[in-house]
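Undergrad: Please find one structure pasted underneath; my questions will follow.
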Amino acid sequence: MERRLATILAADVVGYSRLMEVDETGTLARLKARRKEVLEPLVTKHKGRVFKVTGDGVLVEFASAVNAVRCAIELQKAFAAANGDLPEERQIALRIGVNLGDVMVEGSDLYGDGVNIAARLESTAEPGGVLVAASAYDHVMNKVGTQFEDLGLQDLKNIAKPIRVYRADLTDQSKPLSATGGTTKEPTRSEKTSIAVLPFVNMSGDPAQDYFCDGITEDIITELARYRSLSVIARNSSFQFRGPAVDLAAVRRRLGVRYIVEGSIRRAGATIRVTAQLIDGVTGAHLWAERYDRRMEEVFAVQDEVVQSIVSTLEGRLAAAGAAQVRAKPTASWAAYDYFLRGRECSVRYKIDAADALLARAIELDPDYAHAYAWRASSLVAKYWRDGKQETLRQALTCAEKALSLDESDAWSHEAMGFVLLHSNKLALAGMHFEKARSINPNDVYVMADYANWLSYMGRLDEALRYLDLATQRDPFPPSWVWEIRGTTLILAKRYRDAISAFQKVPIENYFTHALLAAAFAWAGQLENARCEIALAREGNPGLTVASFDNLPYADEAHLDHIREGLRMAGLPE
């Protein structure tokens, strides 16, 4: 069967059955006129070919993605103009999807995923909207005079892999005047439901209590991220804005959010005062504010109340009872929670031994603390990278199993198990747990990045990079290990200069990353830089050799060989 690359435009009438029920004769007449007077001239103008017509839809082939998207945008504007003063129940509106892909040719008809994805995008689009697959967007950005909103990876019905999707902004681009005579930018749809939680200010007068304030803030971020209706900026990005006098306008501009949460914590002995407020980043209006004076053991109730209040304010349709059920109380012991927060902070900063000791103490104080087991399992895997001892990995597995037995519905418990299984070379089982974590909390950037890491080990490099793109879109300032995953994936994709750029995005915090950067430099032919990075790696781990990387669990041995060969070229001994 003949195949070719084509851009497919799929268009469908919104509410066709309803329109026919209200006025069958009039609807058919208007639809026929629209096809003849609007659709056909525009398709001809943009050099398209209609290859299938249904009662309420049409499929059009274009040789150019730019022509296809221009045609889609002009179609929507022309249909809106043609509706004029028609009553709403008689207006004809379209949904449109555009995809560039490989198609199968049979006579004058086309088949295959290239067509199917366009059709699925069309069914997902809003009335009057245009959705464009990344395959087409890459060819049209900055060429059609329209802005696009990145909707990230989307799961489409009966399409095996998530597709990155962009929405064309068809609104009037003029900016309304503000009360002060300047211009105000009306937020995009994603901004209207996006939120950043700034680090709560430590009002205790003791800098040593910063970890506690950061921990409370991070838990609020995590719980808000469970709501699929909210797009929550991750910790590393929102924590760029620290202090009591933050410029909220700058926060909104840099993070692209509509709503901002800020607050403070004063801890004195066994008592705690938490203040929090929710602010509309566009208008500056304070939507909600509250102060809580509680005993330390009630800190979890305070977190729950803050989350419930924010969700109830932003999404009135969510019942408060439902908000309360989302979060299980992590521990009854505030002392265990205190150790957990310090252990988690050490873990994300690669202070593995300190993290292990603190998390072990949290478990000792509360043997049923699922989160403490999960984070300790992940820290032990990081320790295994360094010592290579199977006993360390077995200990990590025990912690992950305990975490899951305590809370099977917790994303981090599944993350921990996936992490352990990945480094036990049980890649398929690891994938099941990473998938489960993603389904429980799809907005969590760490979950997304760890899933991308698994995809990279599986050799699914393009998918891994797409998820990493999405992670860094939601968190423009991710932790260093996210850039490490991206850099390693780019080495495997043989995009060495891009890999070097990824590794150099943030200060390198461990010997492992110095070694991987050395491999990237070596493959790029920059051997002097490669040798410098190997020296830094061996300074952090004097016993480091090429063999130290043998336990990296790549599904394809050729990928591991590629990493090892880069290390050899950089001068790392066998």
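Undergrad: Taking into account only those residues within region 535-568 that are among the acidic types (Asp, Glu) and not in a helix (DSSP H, G or I), which is farthest from residue 456 (Cα to Cα)? Explain how you work it out, then say what you get.
TA: So the first thing to find is which residues in region 535-568 are among the acidic types (Asp, Glu), and the list is 539, 550, 556-557, 561, 565.
Filter again for not in a helix (DSSP H, G or I), leaving 550, 556.
Values: 550: 16, 556: 10 Å.
Across region 535-568, the extreme among qualifying residues is 550.
Undergrad: Oh, and also: Please state which one of 99, 116, 83 is surrounded by fewer than 23 Cβ atoms within 10 Å (Cβ to Cβ), at pLDDT 90 or above and under 21 Å from residue 13 (Cβ atoms).
TA: Numbers: 99 fails: surrounded by fewer than 23 Cβ atoms within 10 Å (Cβ to Cβ); 83 fails: at pLDDT 90 or above.
That would be 116, the only listed residue that is surrounded by fewer than 23 Cβ atoms within 10 Å (Cβ to Cβ), at pLDDT 90 or above and under 21 Å from residue 13 (Cβ atoms).
Undergrad: Please go through region 206-233 and give me each residue that is surrounded by fewer than 23 Cβ atoms within 10 Å (Cβ to Cβ), modelled with pLDDT under 75 and part of a loop (DSSP other than H, G, I, E, B), ordered by number.
TA: Residues satisfying the conditions are 226, 227, 228, 229, 230.
Undergrad: Being out of contact with any Gly (no Cβ under 6 Å at 6 or more places or on another chain), at pLDDT 90 or above and not assigned by TED's automatic domain parsing to the domain that holds residue 388 narrows it down to one of 519, 524, 537, so name that one.
TA: 524
Undergrad: Residue 429 is checked against (1) surrounded by fewer than 19 Cβ atoms within 10 Å (Cβ to Cβ); (2) outside the structural domain of residue 524 (by TED's automatic domain parsing); (3) under 23 Å from residue 349 (Cα atoms) and fails just one. What number does that condition carry?
TA: (3)
Undergrad: While we're here: Could you please find all residues in region 139-173 being of a type in the set (Asp, Glu) and without any contact (Cβ under 8 Å) to a residue 12 or more places away in the chain? Explain how you work it out, then say what you get.
TA: Our first condition is that a residue be of a type in the set (Asp, Glu); within region 139-173, this holds for 149-150, 155, 169, 172.
Once the filter is applied, which keeps residues that are of a type in the set (Asp, Glu) and without any contact (Cβ under 8 Å) to a residue 12 or more places away in the chain, region 139-173 yields 155, 172.
Undergrad: So the check is Cβ under 9 Å with 6+ separation or different chains; which pairs have a first residue in region 538-552 that's under 11 Å from residue 567 (Cβ atoms) and a second one that's in a loop (DSSP other than H, G, I, E, B) and of a type in the set (S, T, N, Q)?
TA: 548/541
Undergrad: Further question on the same structure: Considering only region 462-499, how many residues are part of a helix (DSSP H, G or I), surrounded by 20 or more Cβ atoms within 10 Å (Cβ to Cβ) and either touching a Leu at 6+ places or on another chain (Cβ under 6 Å) or not acidic (Asp, Glu) (or both)? Spell out the reasoning first.
TA: The first filter runs over region 462-499 and keeps only residues part of a helix (DSSP H, G or I), leaving 462-474, 480-492, 496-499.
The next check asks that each one be surrounded by 20 or more Cβ atoms within 10 Å (Cβ to Cβ); those that pass are 464-468, 470-472, 474, 481-492, 496, 499.
Filter once more, keeping what is either touching a Leu at 6+ places or on another chain (Cβ under 6 Å) or not acidic (Asp, Glu) (or both): 464-468, 470-472, 474, 481-483, 485-492, 496, 499.
Final tally of qualifying residues: 22.
Undergrad: Being surrounded by fewer than 12 Cβ atoms within 10 Å (Cβ to Cβ) and at pLDDT 70 or above is the filter here, so list the residues in region 285-294 that pass it. Working first, answer last.
TA: Narrowing region 285-294 to residues surrounded by fewer than 12 Cβ atoms within 10 Å (Cβ to Cβ): 285-286, 291.
Selection gives 286, 291.
Undergrad: Sort out which residues of region 93-109 are within 35 Å of the chain's Cα centre (by Cα) and not polar (S, T, N, Q), and write them in order of number. Walk me through how you get there before you give the answer.
TA: First, the residues of region 93-109 that are within 35 Å of the chain's Cα centre (by Cα): 93-104.
93, 94, 95, 96, 97, 98, 100, 101, 102, 103, 104 - these are the residues of region 93-109 that are within 35 Å of the chain's Cα centre (by Cα) and not polar (S, T, N, Q).
Undergrad: Sticking with this one: Pairs under 7 Å by beta carbon, first residue closer than 19 Å to residue 437 by Cα in region 453-465, partner of a type outside the set (Gly, Ala, Ser) and not in a helix (DSSP H, G or I), six or more apart or different chains?
TA: That search, which allows pairs on different chains as well, returns 457/553; 457/554; 463/161.
Undergrad: If we scan region 396-403, do we find a residue that is closer than 27 Å to residue 559 by Cα and surrounded by 17 or more Cβ atoms within 10 Å (Cβ to Cβ)? Write out each step before concluding.
TA: Taking region 396-403 and keeping what is closer than 27 Å to residue 559 by Cα, we get 396-397.
Going one step further and asking which of them are surrounded by 17 or more Cβ atoms within 10 Å (Cβ to Cβ), we end up with 396-397.
Scanning region 396-403, I find at least one residue that is closer than 27 Å to residue 559 by Cα and surrounded by 17 or more Cβ atoms within 10 Å (Cβ to Cβ), so the answer is yes.
Undergrad: I would also like to ask the following. Counting just the residues of region 19-56 that are closer than 16 Å to residue 94 by Cβ and in contact (Cβ under 8 Å) with a residue 60 or more places away in the chain, which one comes out surrounded by the most Cβ atoms within 10 Å (Cβ to Cβ)?
TA: 19
Undergrad: Do any residues in region 483-505 that are farther than 16 Å from residue 452 by Cβ have Cβ atoms under 9 Å from those of residues that are surrounded by fewer than 20 Cβ atoms within 10 Å (Cβ to Cβ), where the two are at least six apart or on different chains, and which pairs are they?
TA: Final answer for the pair search is 494/562; 496/524; 496/525; 496/526; 497/524; 500/524; 500/526; 500/529.
A quick yes/no check of all residues on (1) in the same structural domain as residue 106 (by TED's automatic domain parsing); (2) at positive phi; (3) of a type in the set (Gly, Ala, Ser); (4) in contact with a strand residue (DSSP E or B) (Cβ under 9 Å, 6 or more places away or on another chain):
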site	(1), (2), (3), (4)
45	yes, no, no, no
49	yes, no, no, yes
53	yes, no, no, yes
59	yes, no, no, yes
72	yes, no, yes, yes
82	yes, no, yes, no
92	yes, no, no, yes
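Undergrad: Residue by residue through region 67-102, note down the ones that are β-branched (Val, Ile, Thr) and under 19 Å from residue 165 (Cβ atoms). Write out each step before concluding.
TA: Pass one, region 67-102, residues β-branched (Val, Ile, Thr): 69, 73, 92, 96, 98.
Selection gives 69, 73, 96, 98.
Here's the yes/no breakdown for (1) touching a Ser or Thr at 6+ places or on another chain (Cβ under 8 Å); (2) more than 21 Å from residue 449 (Cα to Cα); (3) at pLDDT below 90:
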| position | (1), (2), (3) |
| --- | --- |
| 340 | yes, yes, yes |
| 349 | no, no, yes |
| 353 | no, yes, yes |
| 356 | yes, yes, yes |
| 373 | yes, no, no |
| 395 | no, yes, no |
| 399 | no, yes, no |
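The values are calculated or read from the model by the stated rules, or taken from the named source; none is laboratory data. Keep in mind that this is a model prediction, so the values were computed, not measured. Neighbour counts run over all protein chains shown; Cβ positions are idealised from the backbone, glycine included.
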